[in-house]
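Here the structure is laid out as structure tokens; the discussion comes afterwards.
The values are calculated or read from the model by the stated rules, or taken from the named source; none is laboratory data. None of these values were measured; they are calculated from a predicted model. We place every Cβ from the backbone using ideal geometry, glycine too, and count neighbours over all the protein chains shown. Side chains included, ligands, DNA and RNA excluded: accessible areas come from the protein's heavy atoms. Shrake-Rupley method; radii C 1.70, N 1.55, O 1.52, S 1.80 Å.
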Amino acid sequence: MTRVLLFSHTTGYQLRAFDDAAARLGIELVFATDRCHRLDDPWQDRAIPVRFYDIPLSLDRIFRRAREFPVGGILAVGDRPVVLAAHVAQALGIRWHSVAGAEASTDKCRSRVLLATAGLPAPRFAIRNLRAALRDLRPGLGDPRPDVSFPVVLKPVGLSGSRGVIRANDDEEYAEAFDRIRALLARPDVRAARTGLEDEILVEQYIDGDEFALEGVLTDGVLRVFALFDKPDPLVGPFFEETIYVTPSRTAPELQSRIAKAVEAAAHALGLGHGPVHAECRMTPQGEIYILEVAARPIGGLCSRVLTFASPPVSLEMVLLQHAIGQSIDRYTREPDAAAVMMIPIPRRGIFKRMNGVEAASRVAGVSEIRITAKEGQMLEPLPEAGSYLGFLFARGGRPEDAERAVRDAHALLDPEIAPALLADARG
């Protein structure tokens with residue numbers, strides 16, 4: 001039986017989806033997760049316990065297990081696991097993204113430098129260290145690139161998604177944003193990740209324009225696009241909460257082709273060559289494409305459920321597993337219907353009690369699934385501090401507009417019950 005080694009956080013939403021896909025394909029899936037190594041298989045998944053911040057220790061644990069069986073492919077879910085996965089792939093001689101590429105994809109500063117060096121459009125940027133005095137942290141002061149000017153976007157270098165991302169239009173907003181990010185990066189859960197980037201903030205020029213996400217896979221450097229997603233909600237700040245993805249894109253085919261070529265060029269610039277990629281980009285009103293990130297992993301969370309492939313109907317996880325073991329995936333194309341997913345935003349801070357209105361929202365025409373992932377008693381925070389969502393809404397329709405309308409109508413019927421922040425503070 002062919003085996004695939006899957007790197008993920010223990011709490012990764014996609015683990016069950018990959019496990020189900022592997023069972024259908026007759027592939028044995030071996031997990032490498034950051035589970036507690038002191039307990040005897042607490043999740044009953046026989047996962048290899050690793051630490052994504054300790055590459056030598058993790059490699060030793062993996063190779064001790066790997067002596068028992070051959071590994072035919074590698075996959076990683078989440079930004080932190082991709083670096084360890086690249087080290088293992090290199091040591092085992094398995095085709096996957098390079099170590100340098102995986103590291104660059106998880107480091108906002110390094111990726112910006114590599115994109116600019118390759119001659120690709122990249123926002124002007126500066127790096128600020130938390131240990132410096134605040135009075136020295138305004139854009140342009142004492143920086144080798146003094147052309148960074150307001151408005152700017154501040155981004156923690158070591159965090160993923162939109163967590164800690166804040167726009168500032170002037171000195172006062174800049175100081176407020178910097179203090180807010182500094183408080184976020186001082187949290188024990190953030191420091192415990194040990195990315196080595198906890199003290200750095202990227203300050204880059206704000207780029208106006210429409211935002212897109214591209215899901216695909218590289219095969220020996222050649223990009224195969226699975227889907228291009230429109231993000232119909234304007235992402236202009238001060239925070240950048242992603243809510244709705246819709247595919248197929250309503251952008252002109254010529255522009256879609258340009259986006260795909262820009263993503264492929266950016267992936268090459270970072271050093272990515274073989275495996276899943278998830279890219280985010282902006283297109284300015286003048287048609288210039290700025291790549292914001294190219295991640296060496298598939299789309300995160302439960303969002304992968306928005307993609308279904310035809311002939312026969314299979315999931316994204318099934319396609320990626322076959323690609324990982326070297327099988328052709330040329331026969332798979334995305335289903336003909338339009339699809340949308342909404343990452344249900346957290347409206348306010350507090351303790352989650354329950355989600356009301358799920359039954360009514362499920363009856364909205366076009367809605368295919370509602371998954372509430374927040375747990376009763378869970379402490380919730382909105383962006384920019386948040387690292388999660390209330391759940392996910394999925395819909396399908398004949399046109400992108402139909403799928404988008406369905407998730408919006410369903411969301412309007414949902415009513416999250418969240419205990420007041422004062423009560424939340426009193427409890428913990």
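Couple of notes before you dig in:
- Here residue 377 meets each of (1) out of contact with any Pro (no Cβ under 8 Å at 6 or more places or on another chain); (2) at negative phi with one exception, condition (2).
- When residues of segment 319-373 are limited to those that are of a type in the set (D, E, K, R) and part of a strand (DSSP E or B), the one nearest to residue 96 (Cα to Cα): 334
- Any chance residue 372 is of a type in the set (Val, Ile, Thr), open to solvent by less than 40 Å² (accessible area, probe 1.4 Å) and within 25 Å of the chain's Cα centre (by Cα): no
- Just one residue in the set 414, 393, 380 is closer than 30 Å to residue 189 by Cβ and touching an Asp or Glu at 6+ places or on another chain (Cβ under 9 Å); that residue is 393.
- Annotation note: of 227, 213, 192, the sole residue that is of a type in the set (Gly, Ala, Ser) and modelled with pLDDT under 90 is 192.
- When residues of segment 296-313 are limited to those that are outside any helix (DSSP H, G or I) and open to solvent by 10 Å² or more (accessible area, probe 1.4 Å), the one nearest to residue 324 (Cα to Cα): 297
- Top-ranked residue of segment 56-96 - restricted to ones that are hydrophobic (A, V, I, L, M, F, W, C) and open to solvent by 50 Å² or more (accessible area, probe 1.4 Å), ranked as farthest from residue 326 (Cα to Cα): 57
- Complete set of residues in segment 257-279 that are in contact (Cβ under 8 Å) with a residue 24 or more places away in the chain, surrounded by fewer than 20 Cβ atoms within 10 Å (Cβ to Cβ) and either part of a strand (DSSP E or B) or not small (Gly, Ala, Ser) (or both): 258, 268
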